[in-house]
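The values are calculated or read from the model by the stated rules, or taken from the named source; none is laboratory data. All values derive from a computational prediction rather than experimental measurement. With ideal geometry, Cβ positions are generated from the backbone for all residues, glycine too; neighbour counts draw on all protein chains shown.
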Amino acid sequence: MKKKIILLVLSAVALFANIPQSAACDVCGCGVGSYYMGILPDFNKRFIGLRYQQNRLQTHLGSNGIRTPNSTNETYRTMELWGAWNFGERWRVMAIVPYSFNERTIGNGNTETGSKNGLGDVVVMGHYKLLDDVRTTGSNKLLMQSLWIGAGIKTPTGEYDTSEQSSAEMGAPNTFQLGTASTDFMINAAYDIRLMDAGINVNATYKINTENKHEYRYANKFTLNALAYYKFNMQNKVRISPNAGVLYEIQPKDVLYNRFDVAQSGGHSTMGIAGIEVNVGRLSIGGNFQTPISQNLADGRIKAENRFMTHVSFSF
């Protein structure tokens, strides 16, 4: 039965990856969208922490991705207050409250700059543990599996700049935002399997975006990441877990007025990930570096650069 449940969830993930969506450049990892989860801090009841992410883009590129005098460098820095609370052994509620610092430089870096700082779109998610299996293999090794499924909502708490939308109507990307001005929904599945100290963590999220009051709809987005990790225990006091894997993101083009595709939007990217998690008692510290392996964003008019994330969390 448990094998059938796992196959069902993986089949649903594959289905999401091939759904033709319509109607944030979430796929670029910009300020209005990248809710990367990765490996959560170890906790039994609840945790709270701070997480910092930095993503960079090149936008307004010419044909074949060539820079022009109008090309821009955009940097999205986000500090997030995040946490989770387990209710019993099966239920979990998680919240993410982001505050963003966006910067944009046009041309060669000396011609014009812009910035936006403020609260982003708050996310709340609920999860249910569908599978929790611990057993001993024939070679007397401990095998552990868990599967969480959940859904969530993204609230329109971040400021939305309509002048950026006006530029998008003229063919520019609508990425330089603190929020989307829309209420959006997410479906998530997280599967973890570990044999003794070596494990694999797989996390899939499908984000369903709605049209905002300005008749702009950011595209739905599918995200899948897989990480392999190993836990090193040092005198049962410190646990160090290096990890590595890939992150895949895909979405179609944004839509204006329910009928016009936004030219500089949509696409797909694959990022390589390398990171480390450290647990000392109730304290967890971690981070990772993400670098593009392949990408085709906005038909080559946008280019994603390296990203990194770090966090500190406390369980209680």
Is region 263-270 home to any residue that is of a type outside the set (D, E, K, R), under 24 Å from Ala204 (Cα atoms) and more than 19 Å from the chain's Cα centre (by Cα)? no
Show the residue pairs that are 6+ apart or on different chains and have beta-carbon atoms under 6 Å apart, the first residue being within region 178-191 and more than 30 Å from Thr162 (Cα to Cα), the second being in a strand (DSSP E or B) and among the aromatic types (Phe, Trp, Tyr). Ala190/Trp148
Which of the residues that make up region 181-226 are β-branched (Val, Ile, Thr), part of a strand (DSSP E or B) and surrounded by fewer than 22 Cβ atoms within 10 Å (Cβ to Cβ)? Ile187, Ile193, Ile200, Val202, Ile208
For region 149-162, check the following and say yes or no: at least one residue is part of a loop (DSSP other than H, G, I, E, B), under 21 Å from Asp254 (Cα atoms) and either touching a His at 6+ places or on another chain (Cβ under 8 Å) or of a type in the set (Gly, Ala, Ser) (or both). yes
Name the pairs: first residue in region 44-56 and more than 17 Å from Gly275 (Cα to Cα), second residue surrounded by fewer than 19 Cβ atoms within 10 Å (Cβ to Cβ) and among the hydroxyl-bearing types (Ser, Thr, Tyr), Cβ to Cβ under 7 Å, at least 6 apart or on different chains? Arg56/Thr75
Residue that is modelled with the highest pLDDT, among those in region 15-67 that are part of a loop (DSSP other than H, G, I, E, B) and among the basic types (Lys, Arg): Lys45
Might you check whether a residue that is more than 20 Å from Met125 (Cβ to Cβ), among the β-branched types (Val, Ile, Thr) and touching a Cys at 6+ places or on another chain (Cβ under 6 Å) occurs anywhere in region 166-187? yes
Any idea which residue in region 52-79 is farthest from Met271 (Cα to Cα), counting only those that are crowded, with 21+ Cβ neighbours inside 10 Å and under 17 Å from the mean Cα position of the chain (by Cα)? Thr78
